[in-house]
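Where a number appears in this text, it was derived from the coordinates with a stated rule and is not lab data. Since the model is a prediction, treat every value here as computed from it, not as a measurement. So basically every Cβ, Gly included, is an ideal-geometry build from the backbone, and we count neighbours across all protein chains shown.
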Amino acid sequence: MYARAVAAVTTALLGTAALLVPGSDAKAGSPATVTHAPAGAVTARPLVIGHRGASAQAPENTLAAIDRAARLGVSWVENDVQRTRDGELVVIHDDSLVRTTNVKDVFPHRAPWKVKDFTAAEIARLDAGSWFAPRFAGTRVPTLTQYMRRVEHNHQKLLLEIKNPELYPGIEQQILKVLGDEGWLDRQHLAGRLIVQSFGADSLRIVHGLAPAVRTAFLGAPHVADLPAYAGFSDGINPSHGSVSRGYVAAVHSVAGPHGRPLAVFAWTVDDADTARQVARYGVDGVISDKPDVVRTALRTTAPQTP
Ligand code: G3P
Ligand code: CA
């Protein structure tokens, strides 16, 4: 049954992807959407992205977390997408439900409580908020569809991570199908409201092959010599902040991605003012943070500097 579903999704996507050829989206890399650092120029301040939403103030990867980000005025949020046993896409970080839900109480005999071993209906019963704070009791693990509707409602922008893609064959096609169904593969969303990222290079290659106009980013810090290969399918390189240096950012910026723009750099996960200012001085284009309000304040009080 799953294979048939994937085949149907593929057919649907091919119709969409045919419209999304590289270069057809003239605004795909415009400075208004991703800030780049032309050599020698003064950089704009980096984008600030709420990691798993405003996850220091609300349970990560829930609708409450993106609502909290919206109330803070944070327009970019990041999430993690995985798949249930019956093929529903859900937003959750760990491959296990244990840390962020009450699954052990509700299903005590279902160890090791993997996301992929539970149906969407079972996961919908879980409390994904109490672990964070009592006032979030009853918060649910959102489906990707629910999540996309809330991001749209909030007029936010999404850095969507395909989490553990090796566990979920065909998840790239499914994600693109949901994005298409929710109107996120039109020109306006592609131009400035959506980036798909993953630690899985193969997964990003699949996304780029199916829908070339979708902007993508590789999570990690590839060797500089390997950057041209990544630039074949990825518009950005998103390293942990400890991997970032002025020289590395400059090296990444010197390579053009599949849409003809310099590869962007978003550093994660930066939760304090000093580190935020440091990576900004290195010239990163984005800072991914559990505390986007803290980072935004830090960057506002720091004059942009040359990389
Ligand atoms: O967005 C970067 C970051 O989310 C990658 O690490 O483990 O938090 O998904 P992780
Ligand atoms: Ca993530």
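Summary of computed values
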item	result
Between the stretch 125-139 and the stretch 262-283, the alpha-carbon center distance in angstrom	31 Å
³J(HN,Hα) computed for each position of the stretch 95-107 - Karplus, 6.51 cos²θ - 1.76 cosθ + 1.60, integer Hz, glycine/proline x	6, 10, 8, 5, 5, 10, 9, 9, 4, 5, 6, 7, 10
Label-to-label distance, nm, for residues given as ARG71 and ALA111 (7 Å Cα→Cβ offset)	3.9 nm
Estimated FRET transfer efficiency (ALA256, HIS153; beta-carbon r; R0 35 Å; 0.05)	0.50
P(r) tail fraction, the stretch 163-241 - alpha-carbon pairs more than 15 Å apart, %	55 percent
Gain on full stretching of the segment that runs from ARG135 to HIS223 - 0.36 nm per residue minus C-alpha separation	27.2 nm
Gain on full stretching of the segment that runs from ALA124 to ARG45 - 0.36 nm per residue minus C-alpha separation	24.5 nm
Restraint check, LYS104/LYS163; LYS104/LYS157; LYS114/LYS163; LYS163/LYS291, Cα-Cα greater than 25 Å	LYS104/LYS157
Sequence-distant residues sharing a close amide H with ILE49 (under 5 Å, placed H)	VAL287, ILE288, SER289
Summed side-chain charge close to VAL255 - residues other than VAL255 whose Cβ falls under 14 Å, Lys, Arg +1, Asp, Glu -1	-2
Inverse mean reciprocal Cα-Cα distance (Kirkwood Rh) of the stretch 180-291, Å	14.3 Å
Amide H contacts under 5 Å for ASP80, placed H, 5+ residues apart	ILE92, GLU161
Whole-angstrom gap from the stretch 207-250 to the stretch 141-168, using each part's C-alpha centre	21 Å
